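Sending over a structure as structure tokens; questions will come in a sec.
The values are calculated or read from the model by the stated rules, or taken from the named source; none is laboratory data. What you are looking at is a predicted structure, and each value in this text was computed from that prediction instead of being measured. Cβ: placed from backbone, ideal geometry, glycine included. Neighbour counts: every protein chain shown.
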Amino acid sequence: MTDPTPALTPSQTVGPFLHLILPWPDGPDVVPPDAAGRIVISGRVLDGDGNGLADALVETWQADPDGHFAHPDDPRGTVASAVAGFRGFGRAATGPDGAYAIATVKPGGLPIGDGGMEAPHLDVSVFARGLLDRVVTRIYFDDEAAANAADPVLAALPDPERRGTLVAGAEPGGYRFDIRLQGDRETVFFDV
Amino acid sequence: MTGQRVNNRVAAPADAVGDRYVRPRGVHPRLDSPDYRSTRLRAPGQPLVPLPQRLTEITGPLFGTDRVTDSDADLTRQHDGEPLGQRIVVRGRVLDGDDRPVPHTLVEIWQANASGRYRHAMDNWPAPIDPNFSGGGRVVTGADGTYEFTTIQPGAYPWGNHPNAWRPAHIHFSLFGRAFTQRLVTQMYFPGDPLLPYDPIYQSTPEAARERLISRFDWDATRPDWALGFAFDIVLRGRAATPTEEPHDD
């Protein structure tokens, strides 16, 4: 097979100095602070030794609670969110211990066209020194057991024992989701 | 070569049915590039798992002028005084893999100053801070995908990767495109930089794609009695050749 990829620009690492421009004051706020149903998804980004990354950037993208994207490429049409100020996108730099937090609302499930549904999830990009390309993962929710059981992405994981690395655990005020770049409990990362 | 990802391992051949965006092959650096020492504890050890491109992947944040202020496109005018160094204009087009412009999309940039020092708490090598240079900028592409900013030629700087390691001069770029799949963070280098053959980050890029990271000197972008000019086009992933009616349906 010949290389079908046109002259795309290669990725390079975000490096350790991303803080000069990438963090936004409102970056972690996918929804305004007073939004109904607001939750905080927090956790740590960890390296192969279990140490937190102090220089990572976590970005999230998600549907609103009704499963809508305010985006022209959504084939169902563009629907304004019922959540005022819903942005869909979150961006948070990690702190000295590798901790990040995103304030959002839980997304709705998404139809996949054959009558099935994807369970509520966020797509996640992690950028950091030492990552020559972003790594992509997903955040699911541990209190969505039935939806998760029917989710085609979770069902297709080559190693079912790793699916737990994609599921955030409920805690007061939100959910906990750690991202392990390497090691025994390495998070599942996707080729998208 | 098979459908397997050649630069980063994947667990199984991706099911291309329904892909809206072409999956890059032979373009991006291998995550596992041990000559770049920071990869050793950070690059995932397990193969990447193919993710079908459904609704979350074919949509994405559409940031534009709402994220940009007047001073963001000229890094030489963000302080009361002017920064030291060679003034340059950097311009180009943001395209997708089908040569279509990507209009009205946010481009974020950051860089070291003329001495090769970042204005960052973690950069403390003995080169001077420039009080008149912060090193961060934002621009939005026009309807034709073009962008332009004015800055200072960044300097090279040493880093701890290996003995006497130096990074070639570069400007960091961050782009969204119009879909989660198109997100790209990269670095722009300068033509003729003698450090490029020795840089493990640049060298981690597949050889056939590497030179796309090097800007070219652009007479037409120069400003007489003011600034030199460089051109740097950025190509994001394009639509798959035969998009299906329902790209989320596979």
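Which condition number does A:S125 fail, the rest of (1) hydroxyl-bearing (S, T, Y); (2) touching a residue at least 40 places away in the same chain (Cβ under 8 Å); (3) touching a His at 6+ places or on another chain (Cβ under 9 Å) being met?
Only one criterion is unmet by A:S125, namely (3).
List the strands (runs of 3 or more DSSP E) inside segment B:151-250, counting only whole elements, that have at least 3 residues being touching a residue at least 60 places away in the same chain (Cβ under 8 Å) and closer than 23 Å to B:R93 by Cβ.
Those strands (runs of 3 or more DSSP E) span B:170-175, B:228-231, B:234-236.
Have a look at B:V107, B:V185 and point out the one that is hydrophobic (A, V, I, L, M, F, W, C) and farther than 22 Å from B:D218 by Cβ.
Going through B:V107, B:V185 in turn, the sole match is B:V185.
Still on this structure: Please state which one of B:Q111, B:Q86 is more than 9 Å from every other protein chain (Cβ to nearest Cβ), of a type in the set (S, T, N, Q) and closer than 30 Å to B:N161 by Cα.
Result of the check over B:Q111, B:Q86: B:Q86.
If you check A:A35, A:A93, which single one turns out to be aliphatic (A, V, I, L, M) and over 18 Å from the mean Cα position of the chain (by Cα)?
One residue alone meets the criteria, A:A35.
Take segment A:25-52 and flag every residue that is within 11 Å of chain B (Cβ to nearest Cβ) and in contact with a strand residue (DSSP E or B) (Cβ under 6 Å, 6 or more places away or on another chain).
Passing the criteria: A:G27, A:V30, A:V45, A:L46.
Name, by its number, the condition in (1) in contact with a His (Cβ under 7 Å, 6 or more places away or on another chain); (2) farther than 30 Å from B:L62 by Cα that does not hold for B:P154.
(2)
Would you be able to say whether some residue in segment A:171-184 is at pLDDT 95 or above, closer than 23 Å to A:I39 by Cα and of a type in the set (K, R)?
Scanning segment A:171-184, I find at least one residue that is at pLDDT 95 or above, closer than 23 Å to A:I39 by Cα and of a type in the set (K, R), so the answer is yes.
Among the residues of segment B:181-191, are any farther than 30 Å from B:I58 by Cβ and more than 10 Å from every other protein chain (Cβ to nearest Cβ)?
yes
Out of the residues in segment B:41-70 that are among the hydroxyl-bearing types (S, T, Y) and more than 7 Å from chain A (Cβ to nearest Cβ), which is nearest to A:R162 (Cα to Cα)?
B:T65
For segment A:19-28, indicate whether the set of residues that are in contact with a Gly (Cβ under 7 Å, 6 or more places away or on another chain) and without any contact (Cβ under 8 Å) to a residue 40 or more places away in the chain is non-empty.
Within segment A:19-28, one or more residues are in contact with a Gly (Cβ under 7 Å, 6 or more places away or on another chain) and without any contact (Cβ under 8 Å) to a residue 40 or more places away in the chain.
Separate question: Counting just the residues of segment B:25-77 that are acidic (D, E) and assigned to a helix (DSSP H, G or I), which one comes out surrounded by the most Cβ atoms within 10 Å (Cβ to Cβ)?
B:E57
Find the residue count for segment B:114-132, including only residues that are touching a Leu at 6+ places or on another chain (Cβ under 7 Å) and within 12 Å of another protein chain (Cβ to nearest Cβ).
Result for segment B:114-132: 3.
OK, next. Restricting to segment B:218-243, name every residue that is away from every other protein chain (no Cβ under 14 Å), more than 16 Å from B:I109 (Cα to Cα) and in contact with a strand residue (DSSP E or B) (Cβ under 6 Å, 6 or more places away or on another chain).
Passing the criteria: B:D218, B:A221, B:T222, B:A227, B:L228, B:G229.
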